[in-house]
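The structure under discussion appears below in the form of structure tokens.
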Amino acid sequence: MPADSSAGRAQGWTTPADLRTLTLKAWSNGALLRELLDPSGAYPRRRTLKRPTAAALLRDYAEARAWAAGLFDAAGPFTLETTQVGRNTIGANHLPSAVVFVSAQHEIAFAGKAGDAARFVELAEGLAGLDPMFRAWALRRPLKLLDLGADALTAARIALWLRDNPEPGVYVRQLSLPGVHTKFIEGNRTVIDELLGTLSAKTAGGDAPEAAVEQVAGVEQVAGVATEAGSLLGQPSPRTPAARFAARHGFLHPPELVRFRSLDAAVQLLGNARDVTVTADAFSTMSLPVTKVLITENLVNFLALPERPGTLAIYGGGYGFSSLRDAAWLRDCEVVYWGDLDTHGFQILDQLRAVHPHVVSVLMDEATLLAHRDVWGSEPAPSTAALDRLTAGEAALYEKLQNDAHGRAVRLEQELIRWDWALARLLG
């Protein structure tokens with residue numbers, strides 16, 4: 001009968017499962033994979049064991065014996081050191097006191113990751129074959145390399161092409177490299193930029209390689225300036241991640257668009273057109289005979305807004321309001337923002353005020369929230385940002401939403417607000 005590998009767990013003695021947990025932790029932080037490319041001198045690696053005392057042997061000899069047998073059975077990837085215990089009480093017993101992994105390969109085999117490790121070495125060698133500088137990226141991002149697999153080599157070829165063609169002057173769609181298409185680049189922009197940053201890093205005597213762009217907790221690092229994705233605040237032009245990637249590398253990129261509707265039949269846009277979409281640049285130069293602008297995130301709300309003299313409706317679509325940044329003519333209008341009643345709705349409002357401070361909100365108040373309890377939803381990832389452009393009432397409600405004062409992660413999507421309730425306040 002095989003030894004019980006879980007024996008001793010209740011007593012706190014180190015079991016093979018405990019050792020495997022430690023080894024998997026070293027795998028998960030990339031340390032074991034780094035050892036394969038750049039040995040640190042950590043091996044042979046010795047791990048001490050929590051083991052039975054002489055008193056424990058006397059009290060429960062069978063359990064201690066089963067514990068020791070479990071470790072001896074697991075040996076192979078590691079060797080066991082033993083120590084003498086209980087000589088003066090129960091008689092001399094040699095119990096495991098430490099395990100020793102001769103090499104990183106042995107510890108990787110113990111974790112059951114030998115196949116993944118071999119694949120990692122193969123991929124790292126493939127990257128280094130394209131350019132030796134890529135070895136630094138493989139060391140820094142070993143698990144990402146494993147996750148990407150062969151796609152990492154494709155991303156590396158794109159990085160090399162970008163290094164050799166700094167101002168291509170074409171659309172990403174026109175990049176003709178084997179296995180490369182627009183969706184691949186869109187899905188791997190960060191990795192491509194990291195690899196390109198590795199190629200551009202200082203070498204002998206210089207600083208450690210760093211990525212040109214890093215994604216950390218939803219924040220994009222662009223030319224050393226941290227800007228939140230979709231943010232109006234401090235964001236350089238162009239504004240979307242895809243457009244920023246294109247600009248960084250000299251690609252052409254389709255312009256941002258703004259969709260708007262005239263709620264006044266007397267206000268002519270383009271002939272008889274009432275619903276128009278133009279580029280953000282064109283929108284910024286327009287001069288329309290309107291006195292009020294109503295911005296909404298929801299498309300159906302945008303389409304359902306009723307006639308209103310001298311009023312223009314703009315469809316924003318979440319954090320896409322960056323396209324309104326340069327529309328200076330909005331400063332001469334009353335601008336009203338109707339967003340979702342959740343933390344991100346208030347964050348968008350705050351960001352919109354970064355460039356248009358006179359914006360006021362509508363239907364983003366506690367009375368509206370409490371009147372629609374039956375349709376509350378849950379916000380997947382509430383914002384924790386500090387917002388300093390909200391009114392006192394908005395800030396109070398934002399804080400309540402953050403602190404779950406009305407329930408956990410409460411949100412009220414604007415399309416769920418009763419239309420009669422909405423109209424009474426939109427037209428008031």
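The values are calculated or read from the model by the stated rules, or taken from the named source; none is laboratory data. What you see is a predicted model; the values in this text were computed from it and never measured. Cβ atoms come from the backbone with ideal geometry, glycine included; neighbour counts cover every protein chain shown. Protein only, heavy atoms only, side chains kept; ligands, DNA and RNA dropped before computing areas. Shrake-Rupley method; radii C 1.70, N 1.55, O 1.52, S 1.80 Å.
Descriptive notes on the structure:
- Top-ranked residue of region 279-291 - restricted to ones that are open to solvent by less than 30 Å² (accessible area, probe 1.4 Å) and under 39 Å from the mean Cα position of the chain (by Cα), ranked as modelled with the lowest pLDDT: Ala280
- Residue in region 315-331 that is open to solvent by 50 Å² or more (accessible area, probe 1.4 Å), part of a helix (DSSP H, G or I), farther than 19 Å from Leu257 by Cα and out of contact with any Gly (no Cβ under 9 Å at 6 or more places or on another chain) present: yes
- Residues of region 172-216 that are over 14 Å from Trp161 (Cβ atoms), open to solvent by less than 30 Å² (accessible area, probe 1.4 Å) and modelled with pLDDT of 85 or more: Val191, Glu194, Gly197, Thr198.
- Among the residues making up region 94-125, those that are open to solvent by 30 Å² or more (accessible area, probe 1.4 Å), within 29 Å of the chain's Cα centre (by Cα) and over 14 Å from Thr23 (Cβ atoms) are Gly115, Ala118, Arg119, Val121, Glu122, Glu125.
- Positions within region 342-360 being surrounded by fewer than 22 Cβ atoms within 10 Å (Cβ to Cβ) and not in a helix (DSSP H, G or I), in sequence order: His356, Pro357, His358, Val359, Val360
- Qualifying position, being outside any strand (DSSP E or B) and under 13 Å from Phe260 (Cα atoms), among Leu303, Leu294: Leu303
- Here Pro2 clears all of (1) at pLDDT 90 or above; (2) open to solvent by 50 Å² or more (accessible area, probe 1.4 Å); (3) not in a helix (DSSP H, G or I) except the condition numbered (1).
- Scanning region 233-256 for residues that are at pLDDT below 85, open to solvent by 70 Å² or more (accessible area, probe 1.4 Å) and either assigned to a strand (DSSP E or B) or not small (Gly, Ala, Ser) (or both) yields Leu233, His253, Pro254, Pro255.
- Taking region 100-190 and the helices (runs of 4 or more DSSP H) fully enclosed by it, the elements with 3 or more residues that are touching a Leu at 6+ places or on another chain (Cβ under 8 Å) and without any contact (Cβ under 8 Å) to a residue 60 or more places away in the chain are at 114-130, 150-164.
- Only listed residue being surrounded by 15 or more Cβ atoms within 10 Å (Cβ to Cβ), among the small types (Gly, Ala, Ser) and under 30 Å from Asp116 (Cα atoms), chosen from Gly30, Gly41: Gly30
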